[in-house]
Structures are given as C-alpha cells and as structure tokens.
Amino acid sequence: MSTILIVDDEPSARETLVAMLEGAGYQLELANDGFQALKMLDALKVDLILLDVMMPGMDGFEVCRRIRSTPKLAEVPIIILTALDDRASLLRGIESGADDFLAKPIDRQELTARVRTITRLNRYRILTEQRENMREMAERVVTAQEQERQRISRELHDDLGQALTIHMLAL
C-alpha cells in the first residue's frame, strides 16, 4: 500500500483530497503546514507528497527545497497543488524540486491518474530499498574481508610458529 502525505493548511482542501483518494488503496497522512510535514517525514516512509504552496510560516516552495536537500527524502515524488496557475509559479515549483504541478481547483480524474502513475512506478521506494540493500551488502563485504584477514593471520601465526619451533629443536 502506498503512503501519501497531504500537506495543506486549509482543512477543507485536505478533506477534498482525502475524498478524492480514499478508497483507492492509499494510506493517507495529513499535515497542516510545512513544519509539521517535515517533522512527519522524519518518521514516515512516504511514496508521494501532495504539497500546497500558499501556507503560513513556510510556503510549499520552501518545504519542497528542504525535502530535496535532505538525502533520505531527496527522491520522494512531490506534486505541488496551488491556486497559482501562472508560468512564473510553475517554473518556481519545478525549480524548487517538484516533480509535477497541478492548479486548483483540482480535477479528480487528473489527480487520481497522476497519483496512480507515480505510485505505480514507485521509484522512491525502489531507490530506497536498493540503497539499503547496497549498504547491507557493503557491510557484509567488509565483515567478510575482516574475517578472512583474521583467518590468514591465525594461519600465518600458527604455521610460522610451528615451523620456527621445529627448526629450533632441530638446531
């Protein structure tokens, strides 16, 4: 089941998004603002973020930049949702690191199609799992190398010690 974080300061906007997406097999998490979203992302493993732009304290563009600057979150797909539909806002959203941009009011079919496509591709979870697998494999290689070094060291020590003792007795 894919987890989607919805970040919007307007309760009615969050409820609308929940109504559009519930029943489609997603686990939906809700954040009231960018600060809460960033805290939640420390603990959650999400597959997609639906992010409003116009929020008090920290706008969605800044939240997006902060997510992209955090290594463990940098690959999470982000769709910016906003009432700003001008070209400058679109470019600013893309420059801040958003993967997609939808203007409000949001068309239910378009949103569900985009969410379904992103979660089907599931690139973020795949990348995260691959990185974790690579880290585990690297740890196993280092452990195996250390064990092999210890084995060789013991053999050299034991064989060399016995050989020297035999030669000393022979002398």
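The values are calculated or read from the model by the stated rules, or taken from the named source; none is laboratory data. In this text the structure is predicted, and so the values were computed from the model without any measurement. Heads up, the Cβs are rebuilt from the backbone with ideal geometry, glycines too, and the neighbour counts pull from every protein chain shown. Side chains are part of the model used for accessible areas, which takes the heavy atoms of the whole protein and leaves out ligands, DNA and RNA. Shrake-Rupley method; radii C 1.70, N 1.55, O 1.52, S 1.80 Å.
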Carbon plus sulfur, as percent of the 1.4 Å-probe accessible area of the chain, comes to 56 percent
Expected max-MSF residue from Gln147, Gln130, Gln109 in the GNM of the chain (alpha carbon, under 10 Å) is Gln147
About its Cα centre, the chain carries a charge dipole, from +1 on Lys and Arg Cβ atoms and -1 on Asp and Glu Cβ atoms, whose size in debye to the nearest 20 is 340 debye
Where a ≥ b ≥ c are root eigenvalues of the Cα gyration tensor, a/c under 1.5 meaning rounded, otherwise prolate if a/b exceeds b/c and oblate otherwise, segment 26-92 counts as prolate
For segment 1-121, dividing by residue count, accessible area per residue (probe 1.4 Å) in Å² works out to 49 Å²
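In debye, nearest 20: dipole of segment 42-139 around its Cα centre with unit charges on the Cβ of K, R (+) and D, E (-)?
My answer is approximately 140 debye.
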Quick calc, segment 1-68, dipole around Cα centre from Cβ unit charges on Lys, Arg (+) and Asp, Glu (-), nearest 20 debye, gives 320 debye
With the dipole of segment 103-171 defined by +1 on each Lys or Arg Cβ and -1 on each Asp or Glu Cβ, the option from Gln109, Leu121, Ala138 whose Cα lies farthest towards the positive pole is Gln109
At R0 = 22 Å the Cβ-Cβ FRET efficiency linking Leu164 and Ala144, nearest 0.05, sits at 0.15
With Cα coordinates, the longest principal axis of the chain makes an angle with the long axis of helix 123-170, in degrees rounded to 10, of 10 degrees
Given (i) 1.70; (ii) 1.11; (iii) 1.91 as possible values of Cα Rg over 2.2 N^0.38 Å, the one from the coordinates is (i)
Measuring from the longest principal axis of the C-alpha atoms of the chain, the long axis of helix 34-43 (C-alpha) lies at a number of degrees, nearest 10, equal to 30 degrees
With only helices counted (DSSP H, runs n ≥ 4, each -39500 (n - 2.57)), the per-residue ellipticity at 222 nm for the chain, to the nearest 500, works out to -20000 deg cm²/dmol
Helix 108-121: inclination vs the chain longest Cα principal axis, degrees, rounded to 10, gives 10 degrees
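Given C-alpha coordinates of segment 78-159, what is the ratio Rg to Rh with the Kirkwood estimate of Rh?
Here Rg/Rh amounts to 1.46.
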